[in-house]
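Participant: Just passing along the structure, written as structure tokens.
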Amino acid sequence: MNKLALLLAGIALAAGTWYLMQPKSDQTSISAEPPLATGAMVAVSLPAKFTEQEQIGNRAYDAVCAACHGANAQGQEGVAPPLVHRIYEPNHHGDMAFVLAAQNGVQAHHWKFGNMPPVEGVTKADVLNIVAYVRALQRENGIN
């Protein structure tokens, strides 16, 4: 084989390798999990439909909880834990645990985020609507 043919074969091999190593932007991801929002701790799939109470709870959650616990209860690295997590399943943290947490605050015990202060200005009814929303998210993500 002459030097020119060998050089061309080497260039073709290098070009082919480079091409195969490039990310394919036109391929659709087949991952079953939704992408994480920036800083989110878990991926959360949303139900196709929320009840009226869950919609009210969603609005209340966005107003008073999302700043710490993140959009759709995904948690925020270094800020607050995800509520869509098996730790908060109903048989471990019942609905009243959320009410008491909002009213009284919580001493850190499952996560290393520090203590949660009481949430000012929310009523028991507000928190129960928020819990309905969080429970809908949990069910959609296999936490029953």
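Participant: Please give the net charge around residue 99, taking every other residue with its beta carbon less than 14 angstrom from that of residue 99, where Lys and Arg add +1 and Asp and Glu add -1. Numbers along the way, then the final one.
Facilitator: On the way: positive: 124, 135; negative: 95, 126.
That sum, taken over residues with Cβ under 14 Å, equals 0.
Participant: Can you tell me, using C-alpha contacts under 8 Å and at least 6 residues apart, the relative contact order of region 52-140 as a whole percent?
Facilitator: Rounded, it is 37 percent for region 52-140.
Participant: Related question: Using C-alpha positions alone, give me the convex hull volume of region 52-140 per residue in cubic angstrom. Let's see the in-between values first.
Facilitator: Numbers: hull volume 7.7 nm³, N = 89.
Enclosed volume per residue, from the Cα hull, is 86 Å³.
Participant: Grab the other residues whose beta carbon is less than 14 angstrom from that of residue 59, score K and R as +1, D and E as -1, and report the net.
Facilitator: Working: positive: none; negative: 52, 54, 62, 126.
Charge balance in the 14 Å sphere: -4.
Participant: Could you check the spin-label model distance between residue 48 and residue 111? Points 7 Å from the Cα along Cα→Cβ, value in nm.
Facilitator: The two pseudo-label positions are separated by 3.1 nm.
Participant: Near residue 48, within a Cβ-to-Cβ distance under 14 Å, what is the net charge of the other residues, with Lys and Arg +1 and Asp and Glu -1? Don't skip to the answer; put the middle values down first.
Facilitator: Details: positive: 49, 139; negative: 54, 140.
Around residue 48, the charge tally is 0.
Every number in this text was worked out from the coordinates using simple rules, so none of it is lab data. In this text, all values refer to a predicted model and were calculated from it rather than measured experimentally. No Cβ is skipped: glycine too gets one built from the backbone with ideal geometry, and neighbour counts run over all protein chains shown.
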